[in-house]
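To keep things clear, I will list the structure first and then write my remarks on it.
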Amino acid sequence: RAFRVSLHYVPLLERTVPAGTFLRVTFATLTHAASRPRVPHRNAKTMSMSATLALALSTGSSGPLDARRAAPLGSRRAVAVTHTGAWFTNKARAARRTVSTVTRAAIFQNAASKAQAVARLESSLAPPAAAAVRRPLMAGNWKMNPKTLAEAETLAALVAAAAKADGGVAKSNADVLVCAPAAFLAPVGKILAGSGVSLGVQNIYHAKDGAFTGETSLTMAKSVGCTFALVGHSERRQLFGETDALVGLKTRAVLDAQMTAVVCVGESKEQYETGLVRDVCGAQLAGALENVTAVEIENGRVVIAYEPVWAIGTGLTATPAIAQSVHAFIRGWVREVFGDKSAERVGIQYGGSVKPDSVDELMRCPDVDGCLVGGASLQADAFARIFGFNANPGGPLKLWAEEVAPVKNELGESPVWDSVGQQLHWIDAPGKALWSWDLVHDPVKREFGETLGFVALRANGTLLLGLSESGIVAHDPKTNAKEILTQFEPGLNTRPNDARVDRFGNLVVGSYNNNWRGDAESIGSVWRMSAGTRFLSEILDYKIRCSNTTCFTPDGKSMFFCDSPTRRVYVFDYDPRGGLTNRRVLYELPSDTDGSPDGAQCDETGCPWIAISGASKVVRVGMDGLVTHEIELPVKSPTSVTFGGRDLCTIFVTTRGPDGGGLYAVKAPPGICGVPEVAFGDVSAIMPRAGDVSMGHMSSISLGGVMAGLGVRGTVSSGTGKFCAACGTNHAAPGKFCVECGAPRA
């Protein structure tokens, strides 16, 4: 009898099927249209994880998953293989090596309700709360250095002296480990004795003794004082052909010898560039921890060291955000395989050309629990600076964004959260696509035949789009109807870019010179389309090249803006019926920082969060011009930012390729949230046939109720006024209609 179920129901199946039933688990691949990319369910077990769980199933197994975690993966695998044969073994091994395991990104297709799904996504983005239970471990791997015993003894003495200083290791921020060459272990161990520095062996063989020329047994290592052993180092894998299976045998042998295993995992440069980081690390973890129990991990018997091979000995260092992203994945993998307690307690080191000037930033990452140091550990003062890292370096509060939708945009931009429809919209500008996501189902992609510059909310659940050829367009995502409202800067080589609806229901949109990197010409401007109209009015008194960071304070009285090539963000006084005035510099990108300011959004306190494209971060700038918070991303170019989610306390960040292109998110810090996005004040029906639309005249609609609902101060009235109630134009002469927008005048 065959059953087709989602794998996260497997534990339920296991508890309900009768003992002795032949149970064979197969893997199915779901193919989705290219316009709806699949994002893994966080609690559904993806391929590597599925292999682990499926292999745990057997005809005689029973009891909850947590109980099975007490047994090594290998013993669970052996039982399953006994019942399902070679077919199952090969299928599971192949699955384990092809697709990455658990990710913290999620589209919760099997959630009981949308609210539960969104809540789980938001909780998955919350920063780890258990880092305090993990004491960092700083390990120096001397590799095949130094050249002589005398040099090794001198280096060991200097490290021991540094470790004893200022109260010793016990009062420091980290434990310290030295892994010396086998020939120097005994004398180095004697020098380190009493200093608080532990001794580790760089390589061991899993057999207790025998005819294994050139190998070192764990008994030998223990006899000279070793309490740690490195296993699976990238150099052992690459140069000496160590396999995942051999690493698993060595890990088990280290634990049986009552020592601590430092299990190394990591990807090559080619694997990193092709996006296989999680696939590679997941497979290596599965092999190394094959016969390890959850209790052993909870008791600190295993330390995991992530070492990006492309950063070892090259001088290249994965940014803290890249390290944090992979470490978070590793901790999630441990959580899914061994449980919450193991994940909270396992130490995860970073090892990739760690230097004194990079260690403080690395150690701020919530999932980085120490470092595996290579070349820098051969200089006692440098190593001392590393294990004596500054645990409180000051500076802006750090947040760490995680990818929640790997949509692979060429240039994601203009995210906007619809609080009524509970959806996030954003664009892929050169990809000519609009994306929408309700945080529950797969993101939906709608393709257009033109480059998009922005998306903004419009009344009645419709949208405004900025298109490179058509100009400003009204679009109904439910019916796919669209109507051109007005052209944008006709006659100029520009397109709309980076728009927001102000707090009064008017659209404010800036210009993008399509050749600004070539001719460096400032030819565009910033425009406003007042609520209910189809006219653009210029509100900036100088010309620009690339409009960005447009956003408004919650009271609507101030607007932030940047012409990106200037690298300066300005704040203006904003009048919804007049131009921008009182320009002053709020923030200027430091000269030692790459990139330029891109899209931005304001929080409820009136401070902008600005994406710094090219610098791998988003900064929150206070009204005093100081950076108070930084969101670190593992990709180079974040492009824009907005607040969303149930309580507007999730920060979404769009990114661009080639290394980015996904949608990232992070939970806002306590006490900071966004404000609901205002929709453009126009409830007129969208005319599907753009050719029948008369460009440049106002729709015949009543704005009163719409404007009030949007919080718009001015509405069409019957009273006499000096200014047009619809667009704010000053009436210079009597008349029945506004000369700017055509609205009736009393």
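The values are calculated or read from the model by the stated rules, or taken from the named source; none is laboratory data. Predicted model only: the values in this text are computed from it and were never measured. Cβ sites come from the backbone with ideal geometry, for glycine too, and all protein chains shown count toward neighbours. Just the protein is used for accessible areas: all its heavy atoms, side chains included, with ligands, DNA and RNA removed. Shrake-Rupley method; radii C 1.70, N 1.55, O 1.52, S 1.80 Å.
Observations on the structure shown:
- Residue 604 passes every criterion in (1) over 22 Å from residue 508 (Cα atoms); (2) charged (D, E, K, R); (3) at pLDDT 95 or above; (4) surrounded by fewer than 24 Cβ atoms within 10 Å (Cβ to Cβ) apart from (1).
- Residue ID - farthest from residue 529 (Cα to Cα), chosen from residues in segment 579-600 that are at pLDDT 95 or above and of a type in the set (D, E, K, R): 588
- The residues in segment 363-385 that are part of a loop (DSSP other than H, G, I, E, B) and out of contact with any Ser or Thr (no Cβ under 8 Å at 6 or more places or on another chain) can be counted, and the count is 8.
Conditions tested, residue by residue: (1) open to solvent by less than 20 Å² (accessible area, probe 1.4 Å); (2) aromatic (Phe, Trp, Tyr); (3) under 25 Å from residue 375 (Cβ atoms).
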position: 209; (1), (2), (3): no, no, no
position: 226; (1), (2), (3): yes, no, yes
position: 231; (1), (2), (3): yes, no, yes
position: 242; (1), (2), (3): yes, no, yes
position: 255; (1), (2), (3): yes, no, no
position: 271; (1), (2), (3): no, no, yes
position: 279; (1), (2), (3): no, no, no
position: 283; (1), (2), (3): yes, no, no
position: 308; (1), (2), (3): yes, no, yes
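- Scanning segment 141-160 for residues that are of a type in the set (A, V, I, L, M), free of Cβ contacts under 8 Å to residues at least 40 places away in the same chain, in contact with a helix residue (DSSP H, G or I) (Cβ under 9 Å, 6 or more places away or on another chain) and open to solvent by 30 Å² or more (accessible area, probe 1.4 Å) yields 149, 157.
- Among the residues of segment 554-569, the ones that are open to solvent by 10 Å² or more (accessible area, probe 1.4 Å) and in contact with a Phe, Trp or Tyr (Cβ under 8 Å, 6 or more places away or on another chain) come to 4 in all.
- Restricted to helices (runs of 4 or more DSSP H) entirely inside segment 229-285, those with at least 3 residues that are among the hydrophobic types (A, V, I, L, M, F, W, C) are 244-256.
- Selection count where residues are part of a strand (DSSP E or B) and crowded, with 19+ Cβ neighbours inside 10 Å, scope segment 458-483: 14
- Annotation note: of 416, 455, 407, the sole residue that is open to solvent by 10 Å² or more (accessible area, probe 1.4 Å) and either in contact with a His (Cβ under 8 Å, 6 or more places away or on another chain) or among the β-branched types (Val, Ile, Thr) (or both) is 407.
- Residues of segment 419-442 that are assigned to a loop (DSSP other than H, G, I, E, B) and surrounded by fewer than 23 Cβ atoms within 10 Å (Cβ to Cβ): 419, 420, 421, 422, 430, 431, 432, 438, 440, 441, 442.
- Being more than 24 Å from residue 275 (Cα to Cα), out of contact with any strand residue (DSSP E or B) (no Cβ under 7 Å at 6 or more places or on another chain) and in contact (Cβ under 8 Å) with a residue 60 or more places away in the chain is a property that holds for residue 645.
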